[in-house]
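The values are calculated or read from the model by the stated rules, or taken from the named source; none is laboratory data. None of these values were measured; they are calculated from a predicted model. Note that each Cβ is placed from the backbone with ideal geometry, even for glycine, and that neighbours are counted across all protein chains shown. Side chains included, ligands, DNA and RNA excluded: accessible areas come from the protein's heavy atoms. Shrake-Rupley method; radii C 1.70, N 1.55, O 1.52, S 1.80 Å.
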Amino acid sequence: MKKKKQHSQPKMDDKPITLGDMLNQDLMKQLKGKKQELKEAEDRQKEEEERKKIEERRLREKNKSFEEMLGESNLNWKEFK
């Protein structure tokens, strides 16, 4: 019986080469740090917008006239006459 010749081919990992593999580690750390900073800035901006909406709603509620409050009431005022 003949022995089969095994060709020595370099083993390829199952994972494809990524951009992170090609860049040096310092640059990757900087990019990840910048990504985290941008995410935190976006979160702070969303929180600030939410606070602003709540404050505007509170001021609008505070400055309502009696007529507006009466119109929003779900009570049937005819029953109290």
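Summary table
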{"quantity": "Selection within the range 17-27 - open to solvent by less than 100 Å² (accessible area, probe 1.4 Å), of a type in the set (A, V, I, L, M) and in a helix (DSSP H, G or I)", "calculated": "27"}
{"quantity": "Matching residues in the range 64-81 - criterion: being part of a helix (DSSP H, G or I) and open to solvent by less than 100 Å² (accessible area, probe 1.4 Å)", "calculated": "68, 69, 70, 71"}
{"quantity": "Residue within the range 28-35 that is open to solvent by less than 100 Å² (accessible area, probe 1.4 Å) and at pLDDT 85 or above present", "calculated": "yes"}
{"quantity": "Test: residue in the range 46-63 that is assigned to a loop (DSSP other than H, G, I, E, B) and either out of contact with any Gly (no Cβ under 8 Å at 6 or more places or on another chain) or basic (Lys, Arg) (or both)", "calculated": "yes"}
